[in-house]
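These notes are about the structure you will find just below.
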Amino acid sequence: MRALYATEADLLPDYLNKTLTVRLHHSARAHTDEVIAKLCEELNATKTFFPRSGLRLIFKLGSS
């Protein structure tokens, strides 16, 4: 999980749908990507909103 802290990410606000997508870049290791993808699923299930924005956070791995 340490690799996650060094991973680059794109922040993609969608004001029409009231979401903020955090798109994480792929890592060099397939196993690390599997773990990060699972973490994204777990975080998305919480339906967390970015503070004072009204935007729901969506976590994704890669360009999909």
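The values are calculated or read from the model by the stated rules, or taken from the named source; none is laboratory data. All values derive from a computational prediction rather than experimental measurement. Backbone-built Cβ (ideal geometry, glycine too); neighbour counts: all protein chains shown.
Annotations for the structure displayed:
- Whichever residue in region 2-34 is in contact (Cβ under 8 Å) with a residue 24 or more places away in the chain and basic (Lys, Arg) and, among such residues, is farthest from ARG52 (Cα to Cα): ARG29
- Considering only residues in region 30-63 that are at pLDDT below 95 and in a loop (DSSP other than H, G, I, E, B), the one that is surrounded by the most Cβ atoms within 10 Å (Cβ to Cβ) turns out to be GLY62.
- Odd one out for SER27, checked against (1) surrounded by 15 or more Cβ atoms within 10 Å (Cβ to Cβ); (2) at pLDDT 95 or above; (3) among the hydroxyl-bearing types (Ser, Thr, Tyr): (2)
- Between THR7, THR21, the distinction of being at pLDDT 95 or above, of a type outside the set (Asp, Glu) and in contact with a strand residue (DSSP E or B) (Cβ under 9 Å, 6 or more places away or on another chain) belongs to THR21 only.
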